[in-house]
Amino acid sequence: MLDIMFRSVLEQDRASIVLCDLNHTIVYMNPAAQKNYVRYGGNNLIGKSLLDCHNSHSVEMIKKVLDWFAESTDNNMIYTSRNEKQNKDIYMVALRDEAYKLIGYYEKQEFRTVESAGFYDFSKSLTGAE
């Protein structure tokens, strides 16, 4: 049951979530990511290398971050970029197993726009990336 709940958390998030293994293979994209990256192939990116989606400087930085994650179990999140157009900050986050062994990483996006819906406004749907 817990794995279903965790999957639901990922699926309902309005921000793009892309999970990668240690070989940089995209193993999961939530619906927001599939929609956000549709012009690059959307869910067809699953199984492909994340590195193929980035320029050489970004590839170098992704590899450096992965090495940094591997250095210590305390190294788990790093700020990577800002998207002014969408008013969001972007981070890379380590994925670790029960023994804290590094098993992959994901991109975390945090939108900085103040919510426009009123408290408990049942007339608005908040699904989908903004």
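Roughly how many percent of the accessible protein surface of segment 1-97 is carbon and sulfur, given a 1.4 Å probe and a whole-percent answer?
54 percent
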Notebook entry, point to check: Using 7 Å Cα-to-Cβ label points, what is the TYR40/GLU98 separation (nm, one decimal)?
Noted result: 3.4 nm
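Answer rounded, prolate or oblate for the chain, using the Cα gyration tensor with square roots of eigenvalues a ≥ b ≥ c: rounded when a/c is under 1.5, else prolate when a/b is larger than b/c, else oblate. Write down the numbers at each step before the final one.
Working: a/c = 1.63, a/b = 1.46, b/c = 1.12.
Prolate shape, in that a/c is at least 1.5 and a/b is the bigger ratio.
Taking 25 Å as R0, compute the FRET efficiency from the Cβ-Cβ separation of TYR91 and SER123 and round it to 0.05.
Numbers: r = 33 Å, r/R0 = 1.30.
After rounding, the FRET efficiency stands at 0.15.
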Check: What list of ³J(HN,Hα) values in whole Hz, one per residue of segment 49-61 in order, does the Karplus curve 6.51 cos²θ - 1.76 cosθ + 1.60 (θ = phi - 60°) give from phi, with Gly and Pro shown as x?
Finding: 7, 4, 5, 5, 9, 10, 6, 4, 5, 5, 4, 4, 5
Next item on the list: Taking amide H positions as placed in the peptide plane 1.01 Å from N, state which residues far from ARG96 in sequence (5 or more) or on other chains have amide H under 5 Å from it.
Entry: ILE103
Check: So for segment 29-96, taking the charge dipole from beta-carbon charges (+1 Lys/Arg, -1 Asp/Glu), which of ASN55, ALA33, THR73 sits furthest toward the positive end?
Finding: ALA33
Checklist line | chymotrypsin sites (Phe, Trp or Tyr not before Pro) lying in DSSP loop within segment 49-125, provided at most 16 other Cβ fall within 10 Å | finding: TYR100, PHE119, TYR120, PHE122
Checklist line | For segment 1-78, accessible area per residue (1.4 Å probe, heavy atoms of protein chains only), Å² | finding: 65 Å²
Note to self: Between VAL114 and ALA70, what's the calculated FRET efficiency when r is the beta-carbon distance and R0 is 30 Å? Round to 0.05.
What the structure shows: 0.20
Next item on the list: Count the net charge of all other residues whose Cβ sits under 12 Å from the Cβ of PRO31, scoring Lys and Arg as +1 and Asp and Glu as -1.
Entry: +1
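In segment 1-106, what GluC sites (Glu not before Pro) fall in a loop by DSSP, with at most 11 other Cβ atoms inside 10 Å? Could you put the intermediate results ahead of the total?
Values: sites: GLU11, GLU60, GLU71, GLU84, GLU98; in loops: GLU84, GLU98.
The qualifying sites are GLU84, GLU98.
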Item checked: Loop trypsin sites (Lys or Arg not before Pro), segment 1-101, which have at most 11 other Cβ atoms in a 10 Å radius of their Cβ (DSSP) -> LYS85, LYS101
Margin query: Quick one: 3J(HN,Hα) in Hz for segment 88-94, Karplus 6.51/-1.76/1.60 with θ = phi - 60°, rounded, Gly and Pro as x.
Written below: 9, 9, 10, 10, 9, 10, 6
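The values are calculated or read from the model by the stated rules, or taken from the named source; none is laboratory data. The model shown is predicted, which means the values in this text are computed figures rather than measured ones. Please note: Cβ atoms are built from the backbone with ideal geometry, for glycine as well, and neighbour counts cover all protein chains shown. These area figures cover heavy atoms from the full protein model, side chains too; ligands, DNA and RNA do not enter into them. Shrake-Rupley method; radii C 1.70, N 1.55, O 1.52, S 1.80 Å.
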